[in-house]
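This report concerns only the one structure given below.
Please treat every number below as a calculation from the coordinates, not as lab data. Being a predicted model, the structure only gives us computed values, none of them experimental. Cβ placement follows ideal geometry from the backbone for every residue including glycine, while neighbour counts extend to all protein chains displayed.
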Amino acid sequence: MSHIHSHPPEDMLLGYTSGKLQDGFNMVLGCHINMCPTCRESLHLHQEIGGEMICTQTPTGMNTSAQATLDMLRKECEPSPKVIASPSNHNPSGIPFPLSSHLGEKIEKLKWQKLAPGLKQHVLDLPGQALARLIWIGKGVSVPSHGHNGDELTLVLSGGYYDGEQSFTKGDLQWADHASPHQPIAMDDGPCLTLAVTDAPIVFQNILPKLLQPFFKI
């Protein structure tokens with residue numbers, strides 16, 4: 001049985017399946033799916049339903065170009081479904097395949113930017129407006145209290161953290177929006193490594209993080 005208890009909502013999985021999300025969100029969801037058997041099963045189901053709809057619908061009033069496209073898609077319904085990365089597709093350090101294939105090197109060799117004592121980040125080079133970052137939090141260290149102008153998805157890659165009364169450990173995905181100011185705190189049993197993606201600047205609650213925000217580009 002999977003120990004992962006925090007998952008993306010169904011509409012977000014649908015957005016991932018249909019390719020409608022920004023690259024940063026695709027990255028974090030792909031990593032979560034790589035780690036989570038429950039969401040891999042849901043994704044397979046969405047793909048099967050989408051393929052069935054394409055193969056069985058009867059077109060009416062379609063122009064020649066649209067008809068040709070539909071015929072092509074129908075011909076492609078029979079091959080094996082899209083391969084979804086499985087837990088075996090991790091590198092030796094246990095990093096999910098979508099992330100490890102993008103990084104091309106070990107986590108330890110990355111260039112990290114220190115944000116505060118016990119807190120550092122590495123910004124991923126991805127297209128689109130969404131900002132994707134690896135965030136390393138030392139044991140017992142808290143992230144500055146902040147809210148959001150948009151959405152934030154945070155995936156725990158190793159370790160764990162508390163956020164209010166909730167706890168998140170390896171594989172869990174937390175979704176925070178503008179209505180949810182929060183202050184994650186790493187657990188005391190070791191450092192926590194997360195992959196966090198935001199689509200708008202963070203709203204810090206205290207003056208010092210606000211002053212440093214332009215330098216850290218968050």
Worksheet, complete the sentence: Placing each pseudo-label 7 Å from Cα in the direction of the beta carbon, Asp11 and Lys111 end up separated by a distance in nanometres of 3.9
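Grab the beta carbon distance between Ser101 and Leu45, set R0 = 35 Å, and tell me the FRET efficiency rounded to 0.05.
In this case the efficiency is close to 0.90.
For the ranges 31-39, 100-108, 180-188, what's the packing order if you count other beta-carbon atoms within 10 Å of each residue, average per peptide, and put the highest first? Could the numbers behind the result be given before it?
Working: 31-39: 22.1, 100-108: 13.3, 180-188: 17.1.
So the peptides 31-39, 100-108, 180-188, ranked by packing, come out 31-39, 180-188, 100-108.
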Worksheet item: Which ³J(HN,Hα) values in Hz, rounded to whole numbers, follow from the phi angles of the stretch 13-30 under the Karplus curve 6.51 cos²θ - 1.76 cosθ + 1.60, where θ = phi - 60° and Gly and Pro get x?
Response: 5, 5, x, 5, 4, 8, x, 9, 9, 5, 4, x, 5, 4, 5, 5, 5, x
Fill in: Sum of side-chain charges, Asp177 neighbourhood, beta-carbon under 12 Å (Lys, Arg +1; Asp, Glu -1)
-3
